[in-house]
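Quick notes on the structure that follows.
The values are calculated or read from the model by the stated rules, or taken from the named source; none is laboratory data. The shown structure was predicted, so the numbers you read here are calculated from the model rather than taken from an experiment. In this analysis, Cβ positions are derived from the backbone assuming ideal geometry, glycine residues included, and neighbour counts consider all displayed protein chains. Ligands, DNA and RNA are stripped out before the accessible areas are found, and what is left, the full protein with its side chains, is counted by its heavy atoms. Shrake-Rupley method; radii C 1.70, N 1.55, O 1.52, S 1.80 Å.
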Amino acid sequence: MLNRRTLRIKVMQALYAYHQAVGSDYSLALERIAEAFLPDLTAAEAPDRKLLQGQRKMGEVIFKEWHKSGETPEPTDDADVNDAVQEAIKFYQKAVAKDKVYYAGQLVSGAEGIHDQYLHLLNIPEVLLQILQQERGRDSRRLTASPEPLLDTTRLSENQALIKLMENLQLQDLTIRRNQKWHGQPELDALRAAWRNEMKQDPALLSYLAAPAGSYAEDQEMLKHLYKEFVFKGTALPEYIEEDDQNWEENRSVVKNLVIKTVKMLDEAADENMVLMSLSANWAEDKEFAESLYQQTLADDAQYEQLIADSSQNWDVDRVALTDKILLKMALCEMHLFRAIPVKVTINEYIEISKNYSTPKSKQFVNGILDKLAQDLTASGAIRKSGRGLLDNQ
């Protein structure tokens with residue numbers, strides 16, 4: 001199931017994308033000032049290029065000072081410059097506000113997309129049986145040209161665990177509502193390639209097909225084997241899924257856990273009303289955690305920027321990797337906002353995330369800064385824990 005570390009990663013990615021977008025907004029705002037003072041080549045009189053260049057530079061300087069200080073700029077004697085700066089500020093503020101909302105939505109949809117991928121993969125058996133039927137027809141037509149005997153896939157077509165999964169009512173309902181049916185040609189081709197080039201050569205599957213009908217447990221074990229070896233390992237399907245889902249590498253372990261647990265739940269006693277796995281034990285609570293962490297990290301960005309600068313005297317804070325700064329700010333926000341989460345848990349979580357998502361030296365940097373800040377803020381009373389958060393977790 002979805003865990004809090006995965007949620008923290010989703011928040012980090014949303015914040016990173018937001019900051020990248022804000023950088024683009026800043027550049028676009030400056031471009032608007034530049035465009036305001038482009039020479040009009042159709043004017044009756046030749047434009048004063050030197051004057052326009054001076055107005056442009058003045059407007060850019062005023063905008064940059066506003067962006068740095070946040071204070072309303074004093075009007076100049078040049079009305080055109082004032083208008084251009086105000087237009088750029090309005091554009092920038094509107095774009096940033098839009099980006100903030102957009103990436104908050106992406107954060108939630110990214111997390112919920114994990115469950116959609118889980119549903120999507122549970123629909124593989126239905127498509128695989130269709131491909132087996134097509135392949136039998138294809139092989140039959142080629143039989144006259146080749147003495148090679150046809151592969152009898154009857155036992156797989158009659159696999160009771162596979163059929164039971166296909167007949168699950170909740171899967172059928174959610175597949176329609178979340179549009180998770182396999183229908184695109186690229187994904188059908190990927191599954192067909194997996195069958196032809198990988199599954200048909202698999203010793204375990206060939207042995208299963210050659211044996212007489214066995215127990216339900218054998219059917220269930222084969223279904224689990226197909227998922228483990230050809231969906232979460234293998235070549236054709238994993239390559240397609242990774243290309244189709246840019247977050248597959250980080251989501252794979254969660255999706256695999258959901259799928260394999262579901263197959264294990266498909267015991268002989270399970271019926272069509274078996275309840276599928278949920279995204280998390282309490283998605284409403286986890287969603288609130290992620291959204292609050294995202295929103296509050298942005299709300300207190302300036303405060304955390306200053307704390308990091310004060311605690312990294314041997315580092316130029318402007319040259320710290322953006323990912324590291326985001327992780328540090330998220331950790332500080334988490335320490336302040338979520339009183340039930342122990343400080344040591346928070347620090348350890350962000351150190352682990354930094355190992356996979358930032359520079360080789362990030363682990364030591366993040367650890368050092370957070371350890372110092374946690375001690376100082378706890379001693380000053382700025383960080384207060386309650387309940388489980390009081391545990392020192394040593």
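Assorted remarks:
- Kirkwood hydrodynamic radius of the range 25-96, from inverse mean 1/r over distinct Cα pairs, in Å: 12.6
- Estimated inter-spin distance, D189 and D376, nm [label 7 Å along Cα→Cβ]: 5.7
- Cα convex hull, the range 65-186: 205 Å³ per residue, rounded to a whole number.
- Inverse of mean 1/r across different Cα pairs in the chain, Kirkwood, Å: 25.6
- Overall form of the range 1-141 per C-alpha gyration tensor (a/c, 1.5; a/b vs b/c): oblate
- Karplus-derived 3J(HN,Hα) values for the range 2-17, using 6.51 cos²θ - 1.76 cosθ + 1.60 with θ = phi - 60°, are 4, 10, 5, 5, 4, 5, 4, 5, 4, 5, 4, 5, 5, 5, 5, 4 Hz; glycine and proline are entered as x.
- The range 224-297 - Rg over Rh from alpha carbon coordinates, Kirkwood radius: 1.08
- Cα→Cβ-extended label distance, 7 Å offset, between E288 and D173, nm: 2.5
- Under the simplified labelling scheme, the H225-V108 pair shows an inter-label distance of 4.4 nm, with each label point 7 Å from Cα along Cα→Cβ.
- Across the range 61-129, Cα-Cα distances exceeding 13 Å account for 75% of all pairs.
- Cβ crowding within 10 Å averaged over residues, with 353-360, 206-213 ranked highest first: 353-360, 206-213
- The listed residues Y103, Y350, Y92 rank as Y103, Y92, Y350 when sorted by accessible area, largest first, using a 1.4 Å probe.
- FRET efficiency for D267 and Q306, using Cβ-Cβ distance with R0 set to 51 Å, rounded to 0.05: 0.35
- Positive-end residue of A34, A299, I369, charge dipole of the chain with Cβ unit charges: I369
- Remark on the range 298-359: Rg and Dmax equal 11.7, 33 Å (Cα only).
- Using the average count of surrounding beta-carbon atoms within 10 Å as a protection proxy, the listed peptides 368-377, 32-41 rank, highest first, as 368-377, 32-41.
- Cα shape, the range 133-254, gyration tensor, a/c 1.5 rule: prolate
- Note: relative contact order over the chain, using C-alpha pairs below 8 Å and six or more positions apart, is 19 percent.
- Assuming charge only on the beta carbon of Lys and Arg (+1) and of Asp and Glu (-1), the dipole of the range 18-120 about its Cα centre is about 300 debye to the nearest 20.
- Whole-number D in µm² s⁻¹ for the range 260-394, Kirkwood Cα-pair radius fed into Stokes-Einstein, 25 °C, 0.890 mPa s: 146
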